[in-house]
Amino acid sequence: MKSLHNFLFMLLLIPLLTGCSAVRFVPKGRSMLTRVQVTSNNPQVAAADYRNYVRQEANSRWLSTLKVPLGIYCLSGTDEHNALNRIVHRIGEAPVVYNDTLTGYSMAALRMALQSKGYLQARVDTTLTQKQRRVALTYRLLPGNRSYVHELRREFDNDTVRRLIMADSSNSKLYKGMPLDLALLGEERTRIVHRLQNNGYMNANNEYVSFVADTLPLSQAVRLTLRVQAPRGVDRRMAYQVYRIGRVSLIELNTEEAPTDSSFYRNITFESAGHTRINRHTYVRNLFVLPDSLYRDVATQYTYQNLNALAAVNYSNIHYAQPAPGDSTVNVHLLVQLNKPNGISFDLEGTNTAGDLGGAATLTYTQRNLFRGAESFFLKFRGAYEAIRRLEGYRNQNYTEYGVEATLRFPTLPISPGERNLRTYKGSTDFSVMYNSQNRPEFYRRVLTGTWSVDWNRHARPNLRHHLDIVSLNYVFMPWISDTFRRTYLEGDNPRYAVLRYSYENIFIMRAAYGFVYNSLRTPGSANLYRTNGYQIRAGVETAGNLLYGISKMLRMHQTADGSYAIFSIPYSQYVKFDVDFSKSVRLSENNSLAWHAAFGLAIPFGNSKVIPYEKRYFSGGANSVRGWNVRQLGPGRYAQKDGNIDFINQTGNLKIDLSMEYRSSLFWKFEGAAFVDAGNVWTTRGKTGPDGGQFRFDSCLRELAVAYGLGLRLNLNYFIVRFDGGMKAIDPAVPSGALHYPIFHPNLSRDFTLHFAVGLPF
């Protein structure tokens, strides 16, 4: 504990050191830039929106407050020949030496940015305060009045183009009274060019679209003219030539042989080494560039997306041959480089479940073209071991798990909606079977699962993805339960153990589910919400047992003593489950962002069930929930841990609320920091089918929200993020009142602190 206090003291001391030692690293006759501010005298012009145009910033601050990297740099000496000094300099950040030339560049960039937003008379002034070789700089934005479009004209040099563009005028970004915004003009140019390129005008580009803005005397009004015309020096007949696709050739390459064979199918020439590795029908189904079709740029994009999405394809390339003068057809060559057909991967992971250490290993075999239709086959073997120290009275003090999973993925939808619609949607169909065996000191559990599922999205809306579990069958059976565990918890009718008893019965689950994910970013696969101004919505609904219940009622099947139906003497579960998840990120500056997250879940048992199956119940705490608690150690409601042997089941619920806010900031190199506040809990909603204090009530749920706060350290390796989060309890619902209900005022590291390790962001 003493060493921790010393570390925290040094951490707080470092920023203080920057004030007295940083200047010694600045060359004589120069000054250190200590602060940069941007202000605006117009409330409609937010200074923060123009911060990125400043060409020189002061030293970075952790969490926008502490200049820790500079402080680390200043802990070293000035001798660069010293190895220790060089190491410290690499870790830290050198003081920023003020450069007046960059100030001039910044003023020009800020002025141009304001003018691009319609503030044509904008000015930028600076105020420089210097004291003891330290400079504080302020940029003052003086936008003036904003110009607007008073009169709008459109000019064309081709009647066919005019009709084509005006037919889509409802999507135009231009209108009378709009601000003179260059960003909007750029969007309009892009829209017009795409309109042309997707209607056969292969040669169209940004040079075809220009704008002329005439200012009116003594006014902010502007006469704006949009001109769509062939660029100078380009023959007008060639500029507006409409092209169609002529001959289409697809060349299939693999790592073993060069193409030696040629065949013709659906008006497409195929070249390969013998028969194509992927059958020709699959290729044609994924092509938008087809013979005798109109040239469309979007067809090229969609073809790329479809081909590169096939697991058997490594990469693809589409080349349009230059047509002869006067020829309106263009020939296309598609090059497809195949992946290796087979692959094996091996993964190791460490686990820590409430202090119980363990490990797991996964071996995966992949076949990327099983039936020559780019089908993927996955065979996964997993084994895990965990040393359990918390249980007393049991002979075996360990947990072992092994499982096998087989998945067959078809790169198409299960029901063909017609060739035209088939090309509109991109999807895949999965069939999977899984067997899982778990051996704990208290019981043995076996799970057998089979699922038929579909994923799809429209090419025109790649940021909206759908998932449908058409049918999923789960059989959970318990081949052995220890006598000690059975006598202590499962026998009798104590309502406290209702969930526990239900979780240790053989059960059959037949379910269907639908969910979608909407990401506001146009290309969510290339970037997540991290450091953007985007948002993401996840929602889903799941239902189980309704078909079986209807059949049971219709056939008047025999009911068990508790009034439930069974299939082959195995009771089945019946419930409906709703989930919604929202994440939002706001970029504050180049190195700082604010993100928040809200999630709600509700599972309702009915008909044949009184309790939600354990696998479908919610839990709180952990690296992606309320981070002041370990996973499955929070809730339900105000329930306090009483029995470590069963609390991992008792501390679950069928209603969940999660709320989080996180401030994220770059630190140095690839390290980033975060400060967060989390709130949430789980509850039960069905009378006494759970532990005492776990029932949801509207009049008390707010008081039962657990709250945590903390700091995080992340290593951003671009392709994945390694995360360490330290959370402290702020409000503990397990203590109904008194000082311990608010540990934020009486913090105790040994009692209230939890360290989490995870891969990826919490939301």
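The values are calculated or read from the model by the stated rules, or taken from the named source; none is laboratory data. All figures in this text were calculated on a predicted structure; none of them were measured in a lab. For neighbour counting, all protein chains shown are included, and Cβ atoms are generated from backbone atoms with ideal geometry for every residue, glycine included.
Worth a mention:
- Residue list for the range 71-81, filter: in a loop (DSSP other than H, G, I, E, B) and under 16 Å from S21 (Cβ atoms): L75, S76, G77, T78, D79
- Qualifying residues in the range 59-79 (those that are farther than 21 Å from L594 by Cα and of a type in the set (G, A, S)) - the one modelled with the highest pLDDT: G71
- Hits in the range 165-177 (condition: without any contact (Cβ under 8 Å) to a residue 24 or more places away in the chain and assigned to a helix (DSSP H, G or I)): M166, S169, S170, N171
- E93 being buried (at least 16 other Cβ atoms within 10 Å of the Cβ), among the acidic types (D, E) and not assigned by TED's automatic domain parsing to the domain that holds V586: yes
- Some residue of the range 178-196 being in a loop (DSSP other than H, G, I, E, B), exposed (fewer than 15 other Cβ atoms within 10 Å of the Cβ) and touching a residue at least 24 places away in the same chain (Cβ under 8 Å): no
- Residue within the range 683-690 that is under 28 Å from the mean Cα position of the chain (by Cα) and crowded, with 22+ Cβ neighbours inside 10 Å present: yes
- Qualifying residue in the range 146-164 (condition: without any contact (Cβ under 8 Å) to a residue 24 or more places away in the chain and within 26 Å of P231 (Cβ to Cβ)): yes
- Test: S585 is buried (at least 22 other Cβ atoms within 10 Å of the Cβ) and either basic (K, R) or assigned to a loop (DSSP other than H, G, I, E, B) (or both): no
- When residues of the range 130-173 are limited to those that are farther than 30 Å from G200 by Cβ and hydroxyl-bearing (S, T, Y), the one surrounded by the fewest Cβ atoms within 10 Å (Cβ to Cβ): T138
- Matching residues in the range 36-57 - criterion: being among the hydrophobic types (A, V, I, L, M, F, W, C), surrounded by 16 or more Cβ atoms within 10 Å (Cβ to Cβ) and assigned to a loop (DSSP other than H, G, I, E, B): V45, V54
- Filter result for the condition that a residue is more than 25 Å from R697 (Cα to Cα) and modelled with pLDDT under 85, over A566, A561: A561
- Any strands (runs of 3 or more DSSP E) falling wholly within the range 329-409 and containing at least 1 residues that are exposed (fewer than 14 other Cβ atoms within 10 Å of the Cβ) and either at pLDDT 85 or above or in contact with a Phe, Trp or Tyr (Cβ under 9 Å, 6 or more places away or on another chain) (or both): 342-353, 356-367, 376-387
- Test: residue in the range 738-760 that is assigned to a strand (DSSP E or B) and more than 30 Å from K670 (Cα to Cα): no
- You will find that of A739, A734, A679, the residue that is among the hydrophobic types (A, V, I, L, M, F, W, C) and either in contact (Cβ under 8 Å) with a residue 60 or more places away in the chain or over 18 Å from G628 (Cα atoms) (or both) is A734 and no other.
- Which numbered condition Q301 misses (of (1) buried (at least 18 other Cβ atoms within 10 Å of the Cβ); (2) within 39 Å of the chain's Cα centre (by Cα); (3) not in a loop (DSSP other than H, G, I, E, B)): (1)
- When N199, N254, N206 are screened for being assigned by TED's automatic domain parsing to the domain that holds R163, touching a Lys or Arg at 6+ places or on another chain (Cβ under 8 Å) and buried (at least 16 other Cβ atoms within 10 Å of the Cβ), only N199 passes.
- Comparison of D678, D732 shows that the only residue that is closer than 22 Å to I649 by Cβ, surrounded by 21 or more Cβ atoms within 10 Å (Cβ to Cβ), charged (D, E, K, R) and in contact with a strand residue (DSSP E or B) (Cβ under 8 Å, 6 or more places away or on another chain) is D732.
- Scan of the range 506-535 for residues that are modelled with pLDDT of 90 or more and more than 30 Å from S564 (Cβ to Cβ), ordered by number: F516, V517, Y518, N519, Y535
- Which listed residue is more than 30 Å from R191 (Cβ to Cβ), of a type in the set (F, W, Y), within 40 Å of the chain's Cα centre (by Cα) and assigned to a strand (DSSP E or B), from F264, F211, F270: F270
- Test set (1) under 28 Å from F156 (Cα atoms); (2) surrounded by 13 or more Cβ atoms within 10 Å (Cβ to Cβ); (3) without any contact (Cβ under 8 Å) to a residue 60 or more places away in the chain - R232 fails condition number: (2)
- Considering the conditions (1) under 21 Å from the mean Cα position of the chain (by Cα); (2) over 22 Å from H756 (Cβ atoms), N608 is excluded by exactly one of them, (1).
- Condition met for D658 (at pLDDT 95 or above and crowded, with 19+ Cβ neighbours inside 10 Å): yes
- The condition (being under 16 Å from R501 (Cβ atoms) and of a type outside the set (G, A, S)) is satisfied by just one residue among V611, V576: V611.
- Residues satisfying the stated conditions in the range 107-129, i.e. closer than 30 Å to G29 by Cα and surrounded by fewer than 18 Cβ atoms within 10 Å (Cβ to Cβ): A108, A109, D125, T126, T127, L128, T129
- L717 fulfils the conditions (1) in contact with a strand residue (DSSP E or B) (Cβ under 9 Å, 6 or more places away or on another chain); (2) modelled with pLDDT under 95 except for a single criterion, (1).
- When S593 is tested against the conditions (1) buried (at least 19 other Cβ atoms within 10 Å of the Cβ); (2) outside any strand (DSSP E or B); (3) at pLDDT below 90, the lone failure is (2).
- Qualifying positions in the range 214-243 - over 18 Å from R191 (Cβ atoms) and in a strand (DSSP E or B): D214, T215, A221, V222, R223
- Top-ranked residue of the range 537-557 - restricted to ones that are in contact with a helix residue (DSSP H, G or I) (Cβ under 9 Å, 6 or more places away or on another chain) and not small (G, A, S), ranked as modelled with the highest pLDDT: E542
- Condition met for V248 (closer than 15 Å to N158 by Cβ, of a type in the set (V, I, T), crowded, with 17+ Cβ neighbours inside 10 Å and within 40 Å of the chain's Cα centre (by Cα)): no
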